[in-house]
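The values are calculated or read from the model by the stated rules, or taken from the named source; none is laboratory data. Because the structure is a prediction, the values reported are computed rather than measured. Here the Cβ positions follow ideal geometry from the backbone for every residue, glycine too, while neighbour counts run over all protein chains shown.
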Amino acid sequence: MSKIVTSFSEYQDAYKQSVENPEQFWSAIAEEFTWRRKWDKTLEWDFNKPEVKWFQGGKLNITENCLDRHLPERANQTAIIWEPNDPNDATVKLTYQELFDKVCQFANVLKNNGAKKGDRICIYMPMVPELAIAVLACARIGAVHSVVFAGFSSSSLAGRINDASCNIVLTSDGGFRGGKTIGLKSIVDEALEQCPSVEKSIVLQRTGEEVSMKEGRDVWWHDELAKASNNCPAEEMDAEDLLFILYTSGSTGKPKGMVHTCGGYMVYTNYTFRTAFQYKEQEIYWCTADVGWITGHSYIVYGPLSTGATTLMFEGVPSYPDMGRFWHVVEKHKVNIFYTAPTAIRALEKADLSFVNKYDLSSLRVLGTVGEPINEEAWHWYDEHIGKGNCPIIDTWWQTETGGFMISPIADVTKTKPAFATLPLPGIQPAVMDADGKELDGNGLEGRLCVKFPWPSMARTIYGDHERFKNTYFSTFPGKYFTGDGCKRDEDGYYRITGRVDDVIIVSGHNLGTAEIENAIDEHENVCETAVVGYPHDIKGSSIYAYVTCYHDPENDDTLRKEILDLVSRTIGPIAKPEKIQFVSGLPKTRSGKIMRRILRKIAEKDTSNLGDTSTLLDPGVVEDIMQGVL
Ligand code: WTA
């Protein structure tokens, strides 16, 4: 493996080289991997089209890099440790050899069920080892995986399956999450009524609950395995062939299927995993995310496995059976690197410290956080009580679209600062823009965060809608990738991400588009119009506040609220349920009919002393009414 930076001066040198000669920089790193054929051209790009191609002409299979190439040296090393939902159930450990065999065998199951290179395969599964196996099996045969988080509703699932015309769905009878059992197969059944492209569904037994199996479409995972050999040569892929699609919510319209490709994604997730965490041989690494999110794709599966690391997968939730579960798992498996989200830290911080102090956390060496800005209080609690003042906290800023870490401290190399993502990793060239679209020079400033040069793991397009890709990311500031986030750059050149500047709300680390939630609520027969905004929440970071106008006064507000919540759960998923729903007589709109969310946000935050300019409102009276009724 190539040398990664291990001191601040090495970081500075690497950064300088990555900016002055990016092709040379990335090509030296890419050479460390197993390629069937070397690339002809390292980079070709044009942010106006936009078009980005890395390692063109290179041929590879990412699973040969995650599995085959490790076998000579680490066949017997643990690749995946699986910790089940119930702490009394047995842990599963898979060595690299076992994982390799299982991936190949399941790849044959896919083939036996008609899967071919280029097919889109939807994966809707709980956090069990078979989920990682399924992901890798798709990659092995060159099928494009589209993992949908198993907390989404049947209609969200159907939308994603149809958007990518998936022909196969991988699922399980059900899943355990804390004290609950979720019937995943029945959700899939409901979704598939609207999905004509799906020919096969392969169903894993997890909970043992009874499910209906549709003749000719549904087959059992274990029956299929029994018929499949574990010999499956990897499909040869072009560096720019699709590896996966992963949906993320935008400020408008339906979720966007972000497209990631094989070569650049592999190189970058591997490089950033090793660099930011300073992963050392034999270390136990645990990322608490779900594989249904980008964090799980890049930093549970691909980054760690391509490194030959031991990665822990956890099926459960931080609060089950009690608020000490995370720390119990750290002690039990002697976790060295622990990577979680601010929302989890804030929830655990509220619990009694005895839940932490009961356990031996001395194995921890590095802590990480991701998903939303971490507040200083949570940062200090994490540092003091979990890291005992000895573990660097790497606050990794990145996105589904970026594929890998963008701005982040490097453990023990970058001096950290509470609530700062600190400095760009090698290869990343941020730009802070003012409202007029001018790039701001120097330090001690604030603006909108863009990136002005391509990096290997950036999304290449939105599946089936390149125009939307261009409009969403490359049009606000022409020639630059716009992240949708605001940031500060302090006197030291350190970045602090201040949060979304568009209509995306991040609730407990999950991105939700206001338009999606509004559309769901508007489906209610008595709802005329809805405006949704985010407001600060102690634990979740942000919560959803919905202002709703009705055709006629509801007979009972609480009944209507409950109906709306059910509707949102069914349409998107429980994570999108508003915390507060206020029925109002009208919404504040400009003369051109645009809802002034800025005002609604202020009201939701109970910060009504300065509502700013309301003179452009069509009917300033509605604001007064809304304030009267605020919840
Ligand atoms: C936010 C998650 C502050 C940000 C990997 C971004 C963060 C969005 C951080 C992407 C961080 C992520 N500090 N904000 N360390 N990490 N965000 O696509 O607003 O689920 O645009 O990817 O989360 O969320 P996504």
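A few notes on this one:
- Matching residues, segment 597-613, being modelled with pLDDT under 85 and surrounded by 13 or more Cβ atoms within 10 Å (Cβ to Cβ): Thr608, Leu611
Residue-wise test of (1) touching a Ser or Thr at 6+ places or on another chain (Cβ under 9 Å); (2) at pLDDT 95 or above.
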| site | (1), (2) |
| --- | --- |
| Pro536 | yes, no |
| Tyr547 | yes, yes |
| Tyr551 | no, no |
| Asp566 | no, yes |
| Glu579 | yes, yes |
| Phe583 | yes, yes |
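- Of residues in segment 36-72 being of a type in the set (S, T, N, Q) and in a helix (DSSP H, G or I), the one surrounded by the most Cβ atoms within 10 Å (Cβ to Cβ): Thr63
- Residue that is modelled with the highest pLDDT, among those in segment 492-509 that are acidic (Asp, Glu) and more than 11 Å from the ligand (Cβ to nearest atom): Asp492
- Residue check, Ser27 touching a helix residue (DSSP H, G or I) at 6+ places or on another chain (Cβ under 7 Å), farther than 19 Å from Ala234 by Cα and among the small types (Gly, Ala, Ser): no
- Conditions (1) buried (at least 24 other Cβ atoms within 10 Å of the Cβ); (2) assigned to a loop (DSSP other than H, G, I, E, B); number of the one not met by Phe149: (1)
- Selection within segment 470-479 - away from the ligand (no atom under 13 Å from the Cβ) and touching a Gly at 6+ places or on another chain (Cβ under 9 Å): Thr476, Phe477, Pro478
- Total residues in segment 572-626 satisfying the condition of being under 36 Å from the mean Cα position of the chain (by Cα) and not in a loop (DSSP other than H, G, I, E, B): the figure is 19.
- Candidate set from segment 396-442 (those that are over 24 Å from the mean Cα position of the chain (by Cα) and within 19 Å of Ile4 (Cα to Cα)); member that is nearest to the ligand (Cβ to nearest atom): Thr414
- Among the residues of segment 547-562, the ones that are out of contact with any Asp or Glu (no Cβ under 8 Å at 6 or more places or on another chain) and of a type in the set (A, V, I, L, M) come to 1 in all.
- Being over 26 Å from Thr63 (Cα atoms), touching a strand residue (DSSP E or B) at 6+ places or on another chain (Cβ under 9 Å), within 16 Å of the ligand (Cβ to nearest atom) and hydroxyl-bearing (Ser, Thr, Tyr) is not true of Ser212.
- Residue within segment 285-298 that is over 22 Å from Val148 (Cβ atoms) and not acidic (Asp, Glu) present: yes
- Criterion violated by Glu467 - all others in (1) part of a loop (DSSP other than H, G, I, E, B); (2) more than 15 Å from the ligand (Cβ to nearest atom); (3) more than 27 Å from Cys287 (Cα to Cα); (4) not small (Gly, Ala, Ser) satisfied: (1)
- Residue match in segment 187-197 (condition: surrounded by fewer than 24 Cβ atoms within 10 Å (Cβ to Cβ), hydroxyl-bearing (Ser, Thr, Tyr) and part of a helix (DSSP H, G or I)): no
- For segment 317-345, the tally of residues that are in a loop (DSSP other than H, G, I, E, B) and either of a type in the set (A, V, I, L, M) or modelled with pLDDT under 95 (or both) stands at 4.
- Matching residues, segment 311-351, being touching a strand residue (DSSP E or B) at 6+ places or on another chain (Cβ under 7 Å) and of a type in the set (D, E, K, R): Glu315, Lys334
- If the condition is being touching a Cys at 6+ places or on another chain (Cβ under 8 Å) and either among the aliphatic types (A, V, I, L, M) or away from the ligand (no atom under 16 Å from the Cβ) (or both), then segment 249-300 contributes only Ile300.
- Of the residues Thr311, Thr295, the single one that is part of a helix (DSSP H, G or I) and either within 30 Å of Pro456 (Cβ to Cβ) or at pLDDT 95 or above (or both) is Thr295.
- Boolean, Arg489 is near the ligand (Cβ under 9 Å from one of its atoms), in contact with a strand residue (DSSP E or B) (Cβ under 7 Å, 6 or more places away or on another chain) and not β-branched (Val, Ile, Thr): no
- The requirement of being at negative phi, surrounded by fewer than 16 Cβ atoms within 10 Å (Cβ to Cβ) and part of a loop (DSSP other than H, G, I, E, B) is fulfilled somewhere in segment 169-182, by at least one residue.
- Of the residues in segment 368-390, at least one is modelled with pLDDT of 95 or more, of a type in the set (Phe, Trp, Tyr) and within 16 Å of the ligand (Cβ to nearest atom).
- Residue within segment 346-366 that is within 16 Å of the ligand (Cβ to nearest atom) and at pLDDT below 95 present: yes
Yes/no per residue for (1) crowded, with 22+ Cβ neighbours inside 10 Å; (2) without any contact (Cβ under 8 Å) to a residue 60 or more places away in the chain; (3) in a helix (DSSP H, G or I):
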| position | (1), (2), (3) |
| --- | --- |
| Glu349 | no, yes, yes |
| Gly368 | yes, no, no |
| Ile374 | yes, yes, no |
| Phe420 | yes, no, no |
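A quick yes/no check of all residues on (1) in contact with a Ser or Thr (Cβ under 9 Å, 6 or more places away or on another chain); (2) farther than 22 Å from Cys138 by Cα; (3) touching a residue at least 12 places away in the same chain (Cβ under 8 Å):
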site: Phe152; (1), (2), (3): no, no, yes
site: Ser155; (1), (2), (3): yes, yes, yes
site: Gly159; (1), (2), (3): no, no, yes
site: Arg177; (1), (2), (3): no, yes, yes
site: Thr181; (1), (2), (3): yes, yes, yes
site: Ala191; (1), (2), (3): yes, no, yes
site: Lys200; (1), (2), (3): no, no, yes
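- Filter pass, Phe453 being away from the ligand (no atom under 16 Å from the Cβ) and hydrophobic (A, V, I, L, M, F, W, C): yes
- Annotation: of all residues in segment 487-503 being without any contact (Cβ under 8 Å) to a residue 60 or more places away in the chain and within 19 Å of the chain's Cα centre (by Cα), the one that is nearest to Pro536 (Cα to Cα) is Arg500.
- Applying the set (1) surrounded by 17 or more Cβ atoms within 10 Å (Cβ to Cβ); (2) more than 12 Å from the ligand (Cβ to nearest atom) to Leu512 leaves exactly one unmet item: (2).
- Inter-residue pairs, beta-carbon under 7 Å, first closer than 20 Å to Trp35 by Cα and in segment 217-239, second among the basic types (Lys, Arg), 6+ apart: Cys232/Arg140; Ala234/Arg140; Glu235/Lys117; Glu235/Arg140; Glu236/Arg36; Glu236/Lys59; Met237/Lys59; Asp238/Lys59
- Inside segment 19-49, residues that are closer than 18 Å to Cys66 by Cα and without any contact (Cβ under 8 Å) to a residue 12 or more places away in the chain make up a count of 0.
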